Structures are given as C-alpha cells and as structure tokens.
Amino acid sequence: MSKKKGLAKVTIYPDWCKGCGICAAFCPAGVFELRADGKSHVVREEECVNCGFCELHCPDFAVSVTPKEISRRKTDACVDPRVEAADPSAGTDPGPEENVGTPNREEDHGHKKA
Amino acid sequence: MAQVTQLIHDYLRHNKKFPHVYCAGCGHGIVLGSLIRSVHGLGYAKDDIVLVAGIGCSGRMAVYVDFNTVHTTHGRALTFATGIKMANPNLKVIVVMGDGDAMSIGGNHLIHAARRNIGLTTLVLNNNIYGMTGGQYSPTSPVGTVSATSPFGQLERSFDIVDMAMASGASYVARGTVLHATMLDGLISDALEKPGFNLVEILTPCHTQYGRKNKFKTVVDMYQWYKKNTVKLDRYRQLKSEEQDKFTPIGVFRDEMRPGLETRYAELRNKLQEQRNA
C-alpha cells in the first residue's frame, strides 16, 4: 500500500488503550488525540499516511491500521480477473458469480426430481 | 505496514488477563511485539520456541506469549535455559531478563553463559531500575539516579551490559531501544539466527519508578530522550571523545559466527562414540 493520505483506517481498541500518549506524540500526521477519558482517540483519520509507527510502538497492541473499506472492495474486484486468468477455460465462461450459482440450482432441481 | 497488531494478537494467550500488567507507556510491550514479529518473520513454529523469563516486569512476558514458556526464579533464567538447550538443542531458546535480573542477581550466570557461548538468545530489558519490586536502584542506574533506595542520588558507577557481554565472550552483542522498533526487529531477528550466545540489550523506559523521580514529566519525554541521546554505532565512532560521552551508541557491536556449546558437545559425543565403536 502506498503512503497516500486517506487510504488507511485507524482503529483504537479502547479497552486495551492505557493512554500513554506515544501515538499522539509521535504520529507524523497528528491523527490521534488524548482526551479526558484517558484514552487516545482517532480525530484526523484522513490525514494518516500509513507509516505504521503507531502499530509498531503501541505497547498495549491497541492500535491497528488497516486498508479502508473502499480499497478493500477494489482488491476484491482485482481478485476476480486473476481467477479468470488462472482458469484456462475462463474466456468462454460466464462471470464467477454465475459459475458458483449454476451448480447449486442444478442440485436443487435434482433433489426436487428425486 | 498494516495488520501488525492482528499478527501480534495471534501469538498472545487470550485467556490471560488483558490489557497486560505493564504501566502506561512501558516499553516492555513494544519488546513483546517486536519479539513476536521477529519470530513470525523467521517462520518458527510456536512449539519450537522456548521463552524463559526471570522475575520482574520482564518476567511477565512469559505469561502472555503463546510459546513454550518457563517463568523461573530471580536471576536464574539463564541456568534454566542452559539446561533446556543442552537437553534439546533443536529448540530455539529465548531468555528475557531485566537489568537487575541479568546484571546483579543473575550476573554470574550471564558471565558464564557468555563464556560458554551456549546457543541462547538473550534479551536484556534495561530500564535502569528495579521496577516491580518498588524502584530500588539497579546496577545499570546512572550515577545520580534518584530512586526509592537513593533519595539523594546514587553514587555507584553503572554497568555497561554490552561491554560486559563482549568481555565475557558472547558471539553476538547488540543494543537497541524501544523507540527504534524497526531496528529492534532486525536486531532480534539477527540474534535468533546466529549460533552461540547472542545478547541484545534493549533500552526501555520505566516512567513509574525511574522517570517520575528523575525529571521526566511524562513517559513520552523518556522516548524523546532516547531519540535525542542515542546514535547509530557508525556515527558514534566518528564522533570526538568529548561528544561520545553525551550519546549512547546503538547497533551491532559484535557479530561472530562461532559454534555454540551444544554443537561442540554433540561433536565430542559423536567423536567418542566413533572411537568406541572402532
């Protein structure tokens, strides 16, 4: 994943966070903020450059940086052509979704007939 | 960089009480994460690793991580580990000790484990104080440290763990800090792969017992201190001697490929068996 803004989703597990403030002090993009409840909060997620400092330095394993939902959908979309390309008969086949659907329908019909 | 936290969670014993006992901002958690990343990166199976820990805050590490673990008596982690390694040399034995555990109570064991060059990976978590037992000054506390047992500053000269390990004959000696986490991953991975006795000293802050009494307002100040006062070894060697006193060098101090005691022992055993059969 490239170091572009707005591609990462930053999550804090509040039960594990002890509010030491390392993430808030060292984050190069100022994503975190310590609040009165003694926990760190994500305030500027869109500024995250995905450097990974908070994940490496959180002593309580309470921060996780994951690709955002949008990018996850993108990767899902990327997987399908790869499956088609790997399958030698992919050119003539209909889409993978229909492929999955058809055998089930046939089985259903079979059960009804029996 | 993503998914690091998920990886660490896979290696923890989730039936133990979490979040762990370490104080807010304690570097021991970062070392635990770094150790897990290194073990995962090298592809060792969980059952091939033995984590031996002594008493102290660092000793809690053996409780949380899902390897074979032994929580031993104070200062004797290396002796237990020596026994484990000699009994089953195929296991990867990691010893986690604190500075008091390694240098004062188990100091003799450290010297002799290094002298024997037995194939152990030792992580010495140096926080300059006896944290768990109430903040007494330790053999690595700098001169002038204010602690529970030295309210006006302590007068004794402190140990340099790296110098001590090198003088005793360890084959791989390095120093890292918890602030330089990526570098620490590299040092621990390196140490795990080398034969013989490997020692990595890790500077880790203890704000509760050390920092509060020694003019560090928050734990973040201690991390800032590491940022300002540590330099890579290459740069440290280029500095003038007056400047060198201000900085703590980090990096790999010795990297030799010498066979461990368990290898030499196996060779001797095979040789004697051949002689007897001949």
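The values are calculated or read from the model by the stated rules, or taken from the named source; none is laboratory data. The structure displayed is predicted, hence computed values, not measured ones. All Cβ positions, even for glycine, are placed from backbone atoms using ideal geometry, and neighbour counts span all protein chains on display.
So the values come out like this:
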read-out: Residues located in segment B:27-62, provided they are of a type in the set (V, I, T) and touching a Lys or Arg at 6+ places or on another chain (Cβ under 6 Å); value: B:I49
read-out: Residue count for segment A:14-30, restricted to those that are over 23 Å from B:F18 (Cα atoms) and at the interface with chain B (Cβ under 9 Å from one of its Cβ atoms); value: 2
read-out: Any chance A:K9 is at negative phi, of a type outside the set (A, V, I, L, M), within 12 Å of chain B (Cβ to nearest Cβ) and touching a residue at least 60 places away in the same chain (Cβ under 8 Å); value: yes
read-out: Matching residues, segment A:33-71, being in contact with a His (Cβ under 9 Å, 6 or more places away or on another chain) and under 15 Å from B:V219 (Cβ atoms); value: A:L34, A:P59, A:D60
read-out: Hey, B:A266 among the aliphatic types (A, V, I, L, M) and within 29 Å of B:I84 (Cα to Cα) or not; value: yes
read-out: Wholly enclosed helices (runs of 4 or more DSSP H) of segment B:1-67 bearing at least 3 residues within 13 Å of chain A (Cβ to nearest Cβ) and surrounded by fewer than 22 Cβ atoms within 10 Å (Cβ to Cβ); value: B:4-10
read-out: Any hit, segment B:138-153, residues being assigned to a helix (DSSP H, G or I) and farther than 30 Å from B:N15 by Cα; value: no
read-out: Leading residue by the ranking (farthest from A:K4 (Cα to Cα)) among those in segment A:31-59 that are away from every other protein chain (no Cβ under 11 Å) and assigned to a helix (DSSP H, G or I); value: A:E45
read-out: Complete set of residues in segment A:10-30 that are buried (at least 18 other Cβ atoms within 10 Å of the Cβ) and either modelled with pLDDT under 90 or under 12 Å from A:G52 (Cα atoms) (or both); value: A:V10, A:C23, A:C27
read-out: 1 or more residues surrounded by fewer than 17 Cβ atoms within 10 Å (Cβ to Cβ), in contact with a strand residue (DSSP E or B) (Cβ under 8 Å, 6 or more places away or on another chain) and away from every other protein chain (no Cβ under 14 Å): qualifying strands (runs of 3 or more DSSP E) within segment B:176-277; value: B:230-232, B:248-255
read-out: Subset of segment B:68-85 (residues that are surrounded by fewer than 20 Cβ atoms within 10 Å (Cβ to Cβ) and among the polar types (S, T, N, Q)); value: B:N68, B:T69, B:T73, B:T79
read-out: Subset of segment B:5-23 [at pLDDT below 85 and over 25 Å from B:N127 (Cα atoms)]; value: B:Q6
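Results for (1) of a type outside the set (A, V, I, L, M); (2) in contact (Cβ under 8 Å) with a residue 12 or more places away in the chain, shown as yes or no for each residue.
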site: B:E156; (1), (2): yes, yes
site: B:I161; (1), (2): no, yes
site: B:A167; (1), (2): no, no
site: B:D185; (1), (2): yes, yes
